[in-house]
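Quick notes on the structure that follows.
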Amino acid sequence: MKRLLGVALGVLTAIGGFVDIGDLVTNAVVGSRFGLSLVWVVGVGVVGICLFANMSGRVAAASGRATFEVIRERLGPRAGLANLSASFLINLMTVTAELGGIALALQLASSVHYLLWIPVAVVAVWLVIWRVKFSIMENVTGMLGLTLIVFVVALFLLKPDWGNLAGQALAPAIPGEETASSYWYYAIALFGAAMTPYEVFFFSSGAVEEGWSVKDLVQSRINVLVGFPLGGILSVAIAGCAAVVLLPAGIAVTSLSQVILPVAEGAGKLGLAFVLVGIVAATFGAALETTLSSGYTLAQFFGWSWGKFRRPAQAARFHLSMIICLLIGIAVLSTGVDPVLVTEYSVVFSAIALPLTYLPILIVSNDPQYMGEHVNGRAVNVLSMVYLVVILVASIAAIPLMIVTGAGS
Amino acid sequence: MILGDLLGTPVYDSDGGRLGRVADARFVVDGAPQQLMAEARLLGLVVSPHSVSSFLGYERTGVNQPWPLAQMLEWRHRGSFLVMWEDIAMIGEKSVRLREGFTAYSPALDGAGQE
Amino acid sequence: MNRPFPSTLAPVPPIAGRTLDAQLHLMDRQALDNDGVPVTTVDDLELSGPALETEIPEGTPAPILTALLTGPVLGTRIFGGRPPSSRLIRIPWKDVADVGVVIKLGVSGDSLDAGWVERWIRDKIIARIPGGRHDPR
């Protein structure tokens, strides 16, 4: 019974923790401009993140080594440092986007300007990282994030033409007023939003934080294989709501208030309350995960003591680096840069950087020196080689498409 | 000396013919016993004619998954060999010279790469 | 390039001890102290010899691993150059207890020079923030 509860809790937090500001904004933008014609990318991304999280979780459980320790060890210091620089900067961008997301959601709830909420958000994030136990942090934000199911409810209450939606999803066509290059640019953005590298740093480091062993592999596999696809349904619902309400009205999403507009229309004031709680929880949870990930990557590369399971004094450089990252986040946001814009760039850069973390994990998960008998099976390897090609193509195509489309505008 | 300085150094035979570069150094833990682990003495150097980014040591381990990645990485190290300490004539700042009539051994490690 | 040997090479003659390849098993690995606390990553290795640019007489005993190195040597390994020997931070090989997917040391991290930055940041900054010594578990 206790075990069953553990599995249920794990799945629910995986669902609630799946969506972050990147998924919210990108899915809404895509829904409002392309309808459901890009929904297949969410599917591709969800399968990809399941595969990637499964491999890195298995590496962590079998060898006790987290992602960036492995990257440094396998790539050596030079390529490892290049990898660290890229991954760390993109992660910092995501931290900034999530912090901005919390502040924007609080602005919608309170009508106090978001810049005033930023210090509040940062202090709250830091306090949780400083004091709160890892499992409580994970479970509370994950469960509150589940309120985003209101997007699914709202989609039903909007009584859409299901046949039309299914047609958009199953026979994807580029809408007349959009170009093929912006269609593919947003395909990469959606892919990057679903397969953000920080999720993998966090997932594998979290496995070490919670002291996983190979005995916990079954549970972790269920969390991933059930939780992430259900989280993907939330993503699709966000796009669906935008496709039903915003696309016909000709509103292309550029702000968080437009993301939640369809919920207000479909599910009223109560729905609005739920969605605001959900967005604050999802962005807050993701802010914690990305901030921790920045500490994890640095500490694992340089071999510092790290982890929330230690007293802060026993992981001094780890905690100091996270404080500095949060301060950088404040500094960037206080320039008045639009957090939604930061988000849109961060998901594309995530897709660009993805091969850097994917490849070393794929290689190590085949190495019996680390994995013992838990090396990848044949089916996993075939699928992961297919994904290596997909990830490489997305990464290489992203920058040319960004230039051609003027970042999708 | 520092090992990092030695890695990547060009390796020549006694006639000055270039053989490749130092890709790795192999040690064997069989020296004088100490409190914890015995002394580790230099057994020899792994020389690779094409690429020195050790990158996972596919040429030395039995790992052959995932196809075709493992095969590609192994191919980059085709022709690498191990030369014993006894066959090294001189180690310099910019070159390593082997003795005349040195023996090139297979760089393969036993088992799963962790003998 | 001439290769004066066949493409199938003879295996290394049997050796009594365990073999370790520097790049594969030692370099860039995480080192943990005797309590399992990370101390550093192995940034480089130090050998007892041989003298550079001098002919090695036949029968010279093989050099041994004297220390794991950390500190500024990481920067020079990436960007080139070489820190003066006095600035190398050494973890003597005799303190190494085991080499696996991590390198286990047989001593406490607090006794090592390699931990001085961590200790400085702990004592000057982190431990001074309220709750810095709070156990999260």
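The values are calculated or read from the model by the stated rules, or taken from the named source; none is laboratory data. Given the structure is predicted, the values throughout are model-derived calculations rather than measurements. Glycine gets a Cβ as well: all are built from the backbone with ideal geometry, and neighbour counts include every protein chain shown. Each accessible area value is taken on the protein alone, full model and side chains, heavy atoms only, with ligands, DNA and RNA left out. Shrake-Rupley method; radii C 1.70, N 1.55, O 1.52, S 1.80 Å.
For this structure, a couple of remarks:
- In the set (1) at pLDDT 90 or above; (2) under 21 Å from A:ALA62 (Cβ atoms), the condition left unmet by A:VAL245 is number (2).
- The condition of being touching a Ser or Thr at 6+ places or on another chain (Cβ under 6 Å), at pLDDT below 95 and either assigned to a helix (DSSP H, G or I) or within 14 Å of chain C (Cβ to nearest Cβ) (or both) holds for only one of A:ALA313, A:ALA267, A:ALA281, A:ALA252, that being A:ALA281.
- Subset of segment A:98-125 [within 30 Å of A:ALA313 (Cβ to Cβ) and either hydroxyl-bearing (Ser, Thr, Tyr) or open to solvent by less than 60 Å² (accessible area, probe 1.4 Å) (or both)]: A:GLU98, A:LEU99, A:ILE102, A:ILE118, A:ALA121, A:VAL122, A:ALA124, A:VAL125
- Considering the conditions (1) of a type in the set (Val, Ile, Thr); (2) more than 14 Å from chain C (Cβ to nearest Cβ); (3) more than 16 Å from A:LEU292 (Cβ to Cβ), A:ILE90 is excluded by exactly one of them, (3).
- Residues within segment B:45-59 that are at pLDDT 85 or above and at the interface with chain C (Cβ under 8 Å from one of its Cβ atoms), tallied: 2
- Hey, C:GLU55 over 29 Å from A:GLY211 (Cα atoms) and either open to solvent by 40 Å² or more (accessible area, probe 1.4 Å) or at the interface with another protein chain (Cβ under 8 Å from one of its Cβ atoms) (or both) or not: yes
- When we screen A:LEU356, A:LEU401 for residues that are within 27 Å of A:TYR185 (Cα to Cα), buried (at least 20 other Cβ atoms within 10 Å of the Cβ), in contact (Cβ under 8 Å) with a residue 24 or more places away in the chain and over 20 Å from the mean Cα position of the chain (by Cα), the only hit is A:LEU401.
- Taking the numbered list (1) more than 24 Å from the chain's Cα centre (by Cα); (2) open to solvent by less than 70 Å² (accessible area, probe 1.4 Å); (3) of a type in the set (Gly, Ala, Ser) in turn, A:ALA407 passes all entries but (1).
- Looking only at residues of segment A:70-87 that are touching a Leu at 6+ places or on another chain (Cβ under 7 Å) and not polar (S, T, N, Q), we find that the one that is nearest to A:HIS319 (Cα to Cα) is A:ALA86.
- Pick from segment C:6-25, criterion outside any strand (DSSP E or B) and under 17 Å from A:ASP367 (Cα atoms), ranking: modelled with the lowest pLDDT: C:LEU24
- Restricting segment B:62-83 to residues that are in contact with a Pro (Cβ under 9 Å, 6 or more places away or on another chain) and surrounded by 15 or more Cβ atoms within 10 Å (Cβ to Cβ), the residue that is modelled with the highest pLDDT: B:LEU82
- In the condition set (1) under 30 Å from A:ALA299 (Cβ atoms); (2) hydroxyl-bearing (Ser, Thr, Tyr); (3) within 20 Å of the chain's Cα centre (by Cα), A:THR254 is compliant with all but (1).
- Pairs meeting the criteria (first residue in segment A:166-190 and more than 16 Å from A:GLY31 (Cβ to Cβ) and touching a residue at least 12 places away in the same chain (Cβ under 8 Å), second residue open to solvent by 40 Å² or more (accessible area, probe 1.4 Å) and part of a helix (DSSP H, G or I), beta carbons under 6 Å, at least 6 apart or on different chains) are A:SER181/A:VAL404.
- Within segment B:61-95, if we keep just the residues that are in a helix (DSSP H, G or I) and within 9 Å of chain A (Cβ to nearest Cβ), the residue that is farthest from C:GLN23 (Cα to Cα) turns out to be B:LEU69.
- Unmet criterion (only one of (1) open to solvent by 20 Å² or more (accessible area, probe 1.4 Å); (2) touching a helix residue (DSSP H, G or I) at 6+ places or on another chain (Cβ under 9 Å); (3) not polar (S, T, N, Q)) for C:PRO83: (1)
- Filter result for A:ALA207 (open to solvent by less than 20 Å² (accessible area, probe 1.4 Å), small (Gly, Ala, Ser), at pLDDT below 90 and touching an Asp or Glu at 6+ places or on another chain (Cβ under 9 Å)): yes
- Checking each residue in segment A:74-97 for being open to solvent by 20 Å² or more (accessible area, probe 1.4 Å) and of a type in the set (Gly, Ala, Ser) picks out A:ALA79, A:ALA82, A:SER85, A:ALA86.
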